[in-house]
Amino acid sequence: MNVSRRWLEDFLRRPVPLDELVERLALLGAPVDAVEPLHAGLAELRVAVVEEVRAHPNADRLSICRVDDGSGTPRHVVCGAPNVAAGGKYPFAPVGATLPGGLVLEKRKIRGEVSEGMLCSARELGLGEDHEGILALATEAPAGTPLLEVLTIDDDRLEVDVSPNRPDLLGHKGLARELAAGYRVPFRLPVIPDVATSGSGVATPERLGESGSVGGVRVAIEDAWGCPRFLAAVIRGVTIGSSPTWLRRRLEAVGVRPINNVVDATNYVMLELNQPMHAYDIARLRGPAVVARAARLGETLTTLDGVERTLTGEMLAIADAEGVIGVAGVMGGETTEVGPETVDVFLECAFFDPPSIRRTRRTLGLVTEASYRFERGVDRWGGADALRRAVTIILATAGGRLEDGPIDLWPRPSSPPRIFLRPSRVAQVLGVDLDWRSLETYLVAIGATVVSKPEDGRIAVDVPGWRPDLVEEIDLVEEIARLHGYDAFPSELRPYRPGSLPDAPSEIAETHVRDGLSSQGLFEAQTLPMGPPSPGAVPLKNPLSAEEAHLRTALLPGLLRRVEANWAAGTRDVRLFEIGTVFLLAEAGAPPLEERRVAGVITGARDPAHWTASAKVQDVDRWDLRGLFDAAIALAIPGAAVQVEESGWVARAEEGSRTVGWARSLTADGPPWAAPLFGFELVIDPSARGVPAFQPLPATPAAERDLALVLPAEVTALAVAGAIREAGGETLEALEVVDEYRGLGGPDGRRSVAFRLRFRAEGRTLRDAEVEASVQRVLRSLQSRLGVERRSAEGAGT
C-alpha cells in the first residue's frame, strides 16, 4: 500500500522524521519496502520577490523582471507570463537548477536580453496543468526561503507491506492509530479546508431494515449474506469539476490520479479510512433504484475500464430497476458514472462478504483498490462515519445540498466481539508482570473498549470492528506484547514449565538424525522441494519456472546444485545434509505419496588443514562414504535388519526386499580442481526411538587376538565377519578389520585381511585356554564354510 508521510503527520499533529517513521512501522508489524521522495526536484527553488517589471525592448509579449532571490544580488529574468507584477512573490529557479522535467537552467540571451533564471508556473513545477501564468505565492516568507517550506509539498511516498490479517492498515487512519499507540500520543482526523468540523454537520444515518428510500431513490438489500449492510446518501445540485489543490495533492502523493471532485472525495475516504465507496449519477439510475442482489446468470456489464464482462449467479451485483449497474465491491458500471454533466449524486457505502468478493475478483480477473480492501474485510461497524466524512468533503468541494438524511440498511444488526482477557494469562505467556493500567492503556490505544473486573481477575474487551484478526484471548496478548515493545522484554532466561505434550516420534527421529550427522561434521541445508521433470515426478499446475515445474522425487539433486554453488564460490571442501520430503506419483485421483528422507554429500579434504599434517591433502574416498553411510543407517533406521550390498561404487541398503537407501559416487558440473563427489540418501524410520540403556564400564580385563586370514577372491570381509561372530561365542565382545594385504600372488586373486577379536567374560577373567579354544572354533568354521585359512608366516610370499 502507498502511504503519504505528510498525511500521517496530519493525523498525529506532529512531524515524524522519515528514518524514525520507517523504523517505527517495522516494529509495529508494517515494514516499509520502498521510499520514494516526492517533489525532490524542487529542492533548489526559492521564493523570489519581483522588484520591477518592464517591457522587453525587442519582444511585445515578453517582459524583463528584476528579481530578489535572497542572495543579495538582483537577478534579471526574461518572462512571458502576463500575471507577473512588481511586489509579487513567485517560485524562482536559479541558474544551474534542474526542473522536474529534467531541464537544467542556463544563463542565456532571449531576444538580446540576458535571463538569469526562471519564474515558474504550476505546470513547470509538476504541481498542475496551469501554464498560462506564473504561480503566485501568498506567503509572508522572505525572499530566498526554500519553496518546499512555503508550499509544504515536500513528502515521501512509502510502500508499506500490509499482511492479509491487518486490513485496517490499508487506510492512513489505521497506520496513524498504530503510530499514535507507539508514540503514546492522541491522533485525530485531518481537518478538511474550509470546513470547521469535518463530518459533524451530517446527521447520523437512519437505521432501517432490508429496504428504504433516500432522496427519491429506492434502496434495497436482496442478498443479505453477500451484503449485510448498505448505507446511502443523496446530494443534489453538485458542480462537477477539478478538485481543490489540497485534495489533488493528497491523492497524487499516494499515486492516485485525480478525476473530479466527487470521485476524488470517495477515493480520499477509501485511502484515509479504508472504506471503498461509489458515487452514481442519479439521472442515469433507472427507477431510480439501487439494489444489492445476486447477479443473474448471463447478465453483462461494461465496467468503468470499458470492458464488457459476463456475470455468474455466484456474484453479487448492484442493480437499478432494470438491470445490473456495477459489480459489488469490485468496479462500477460505465452507464452510471459521475461525469461533467452530473448534477445529483447517489453515494453508496457498504460492507460486502469478503469471500464473495474474492471469488468474484478471481473469476473476472479484475483487481481494483476496492476489491483489494473488501476481500480482506473493511470495518462493518464504521460505515456511518465514512459516509458522513465523504458527504462533508463533497459538499465542501462540489457544493450542493444533502437531501433528506443518510440511511443505513442493516437487516441483522450486530456488535463487535467481546473477549475476556486475564492479566495472569498475559504474565504467563509473556513472562513479565504488567500492571492492569498498562494493559488497559495498550488495549484502548488499538481502539478497544475495556471494562476491568478485578473481582473476576479479568478484563472485558470489546474488540474494535476494524480488527477482524482479534478473535481470541491470545490475540490480545500478542497485541500487548507488540505495543509494549519486543525489545523491552528481558533477555535473560526466566523459569518456565516445559510443555506436557511430547514431541511426535517422527520429530524425535529426525532430531536424532540431525544431531548425529551434525556431529559427523556435516552442515544442514534446506532446498526447494521443486525441480526438473524426472520419472514418477508430480507436475505442478502453477510452477515458478520450467526448471522447477515438478515436485522432487529425491533429495540428492538439490544438494548437488548446492555443491555446484559452493564450487562456483571457490569452496572446495563441502559437507552437507538435508532432511526433507520427497513426492511420488500415486494412483489416478489420489494425492502424491510422501516420504521423509535424509541425504548427504561430501567432497574435498578428509580432514581440516593443520600444520602437524603432511603437505599432501588426503581427499575423501569411497571408504569415507561407506563409513558415513553406515553411521546414517544407524541413525535413520536403528534396530532394523538392514543389509548393505556393494556393487562397484554403489552401495544399497536393503531391509528385506525393500531398498531403503543407497550411496554412490556422484557427477556434477565442477571445476578442474574439484575433488571426487560422493553422496547417500536414506528413508527415515518415523517410529519411536528407544531410550539408550546405561552400561557400566567393564570390570574384567579383555583378551585380544589378531587373525591374519587368507580370503579367496569371491569372499567378502563382511561375510567373514559374520561367520566370526557366529562361531566366536558369548565371550566375543568386538570385532574389527585392522589390515588388508593384496600382495600374496597366485592366479586366484587371494588377499590377506587381518581381524582383531576382543574377548571378555562378565564377572571373571578369561583364561588363555578358553580364548584359544574360541579362536580355533572360529578358524574351523571359516575353513568349512568359506574356505578361509589362517595366513602362516611361511606362506607370506606364496
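The values are calculated or read from the model by the stated rules, or taken from the named source; none is laboratory data. Keep in mind that what you see is a predicted model, and the values were worked out from it rather than measured. Note that each Cβ is placed from the backbone with ideal geometry, even for glycine, and that neighbours are counted across all protein chains shown. These area figures cover heavy atoms from the full protein model, side chains too; ligands, DNA and RNA do not enter into them. Shrake-Rupley method; radii C 1.70, N 1.55, O 1.52, S 1.80 Å.
Residues are listed down the side, and each one gets a yes or a no for (1) under 47 Å from the mean Cα position of the chain (by Cα); (2) within 19 Å of residue 49 (Cβ to Cβ):
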{"site": "79", "(1), (2)": "no, yes"}
{"site": "84", "(1), (2)": "no, yes"}
{"site": "87", "(1), (2)": "no, yes"}
{"site": "91", "(1), (2)": "yes, yes"}
{"site": "94", "(1), (2)": "yes, yes"}
{"site": "109", "(1), (2)": "no, no"}
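Considering only the stretch 721-751, state which residues are among the acidic types (Asp, Glu) and assigned to a helix (DSSP H, G or I). Correct list: 726 only.
State whether the residues of the stretch 545-565 include one that is in contact with a helix residue (DSSP H, G or I) (Cβ under 8 Å, 6 or more places away or on another chain), over 30 Å from residue 184 (Cα atoms) and part of a loop (DSSP other than H, G, I, E, B). Yes, some residue in the stretch 545-565 is in contact with a helix residue (DSSP H, G or I) (Cβ under 8 Å, 6 or more places away or on another chain), over 30 Å from residue 184 (Cα atoms) and part of a loop (DSSP other than H, G, I, E, B).
Conditions tested, residue by residue: (1) surrounded by 12 or more Cβ atoms within 10 Å (Cβ to Cβ); (2) of a type outside the set (Lys, Arg); (3) over 41 Å from the mean Cα position of the chain (by Cα).
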site	(1), (2), (3)
651	yes, yes, yes
656	no, yes, yes
662	yes, yes, no
665	yes, yes, no
671	no, yes, no
678	yes, yes, no
682	yes, yes, no
685	yes, yes, no
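Checking 43, 55 one by one, the residue that is in contact with a helix residue (DSSP H, G or I) (Cβ under 8 Å, 6 or more places away or on another chain) and either surrounded by fewer than 16 Cβ atoms within 10 Å (Cβ to Cβ) or at pLDDT below 90 (or both) is 43 and no other.
When 624, 630 are screened for being open to solvent by 50 Å² or more (accessible area, probe 1.4 Å) and either modelled with pLDDT under 80 or on the phi < 0 side of the Ramachandran plot (or both), only 630 passes. Exactly one residue out of 718, 709, 757 is outside any strand (DSSP E or B) and not charged (D, E, K, R), and it is 718. Among residues that are assigned to a loop (DSSP other than H, G, I, E, B) and open to solvent by less than 10 Å² (accessible area, probe 1.4 Å), residue 312 is not included. Looking across the stretch 101-154, just one residue is out of contact with any Lys or Arg (no Cβ under 7 Å at 6 or more places or on another chain), among the β-branched types (Val, Ile, Thr), buried (at least 17 other Cβ atoms within 10 Å of the Cβ) and under 20 Å from residue 65 (Cα atoms), and that is 134. Could you tell me whether residue 35 is crowded, with 16+ Cβ neighbours inside 10 Å, part of a strand (DSSP E or B), out of contact with any His (no Cβ under 6 Å at 6 or more places or on another chain) and in contact (Cβ under 8 Å) with a residue 24 or more places away in the chain? So residue 35 fails the test.
Taken over the stretch 597-608, the criterion of being basic (Lys, Arg) and buried (at least 18 other Cβ atoms within 10 Å of the Cβ) is satisfied by 597 alone. Restricting 162, 114 to residues that are in a strand (DSSP E or B) and either modelled with pLDDT of 85 or more or not β-branched (Val, Ile, Thr) (or both) narrows the list to 114.
The single condition from (1) loosely packed, with under 13 Cβ neighbours inside 10 Å; (2) free of Cβ contacts under 8 Å to residues at least 40 places away in the same chain; (3) not in a strand (DSSP E or B) that residue 617 fails is (1). Looking at residue 429, is it free of Cβ contacts under 8 Å to residues at least 24 places away in the same chain and open to solvent by 60 Å² or more (accessible area, probe 1.4 Å)? So residue 429 fails the test.
Screening residue 588 on (1) within 38 Å of the chain's Cα centre (by Cα); (2) at pLDDT 85 or above shows it passes everything except condition (2). Among the candidates 22, 50, the residue that is of a type outside the set (Gly, Ala, Ser), outside any loop (DSSP other than H, G, I, E, B) and within 30 Å of residue 79 (Cβ to Cβ) is uniquely 50. The residues on offer are 514, 575, 494, and the sole one that is of a type in the set (Lys, Arg), part of a strand (DSSP E or B) and more than 26 Å from the chain's Cα centre (by Cα) is 575. Cβ-Cβ distances below 8 Å connect the following pairs, each with a first residue in the stretch 1-26 that is aromatic (Phe, Trp, Tyr), a second residue that is part of a helix (DSSP H, G or I) and open to solvent by 20 Å² or more (accessible area, probe 1.4 Å), and a separation of six or more residues or different chains: 7/250; 11/173.
Here is a check on your reading of the model: is residue 609 touching a Pro at 6+ places or on another chain (Cβ under 7 Å) and either in a loop (DSSP other than H, G, I, E, B) or under 18 Å from residue 523 (Cβ atoms) (or both)? Spelling it out, it is not the case that residue 609 is touching a Pro at 6+ places or on another chain (Cβ under 7 Å) and either in a loop (DSSP other than H, G, I, E, B) or under 18 Å from residue 523 (Cβ atoms) (or both). Scanning the stretch 545-596 for residues that are among the aromatic types (Phe, Trp, Tyr) and open to solvent by less than 20 Å² (accessible area, probe 1.4 Å), we see that the one that is nearest to residue 664 (Cα to Cα) is 577. Condition check: closer than 28 Å to residue 772 by Cβ, at pLDDT 90 or above, open to solvent by less than 40 Å² (accessible area, probe 1.4 Å) and in contact with a strand residue (DSSP E or B) (Cβ under 8 Å, 6 or more places away or on another chain). Does residue 723 satisfy that? For residue 723, the condition - closer than 28 Å to residue 772 by Cβ, at pLDDT 90 or above, open to solvent by less than 40 Å² (accessible area, probe 1.4 Å) and in contact with a strand residue (DSSP E or B) (Cβ under 8 Å, 6 or more places away or on another chain) - is not met. If you take the residues in the stretch 451-496 that are basic (Lys, Arg) and within 21 Å of residue 26 (Cβ to Cβ), which one is least open to solvent (accessible area, probe 1.4 Å)? For the stretch 451-496, the residue satisfying everything is 467. Examine the stretch 261-283 for a residue that is touching a Ser or Thr at 6+ places or on another chain (Cβ under 7 Å) and among the charged types (D, E, K, R), and state whether such a residue exists. The answer is yes; a qualifying residue exists. When residue 352 is tested against (1) in contact (Cβ under 8 Å) with a residue 40 or more places away in the chain; (2) surrounded by fewer than 19 Cβ atoms within 10 Å (Cβ to Cβ); (3) within 19 Å of residue 466 (Cβ to Cβ), just one condition goes unmet, and that condition is (2). Taking the listed residues 88, 80, 29, the one that is within 24 Å of residue 147 (Cβ to Cβ), open to solvent by 10 Å² or more (accessible area, probe 1.4 Å) and at pLDDT below 90 is 80, with no other qualifying. Of the set (1) small (Gly, Ala, Ser); (2) in contact (Cβ under 8 Å) with a residue 40 or more places away in the chain; (3) in a loop (DSSP other than H, G, I, E, B), all apply to residue 86 but (2).
Residues are listed down the side, and each one gets a yes or a no for (1) assigned to a loop (DSSP other than H, G, I, E, B); (2) within 30 Å of residue 468 (Cα to Cα):
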| site | (1), (2) |
| --- | --- |
| 255 | yes, yes |
| 258 | yes, no |
| 265 | no, yes |
| 269 | no, yes |
| 278 | no, yes |
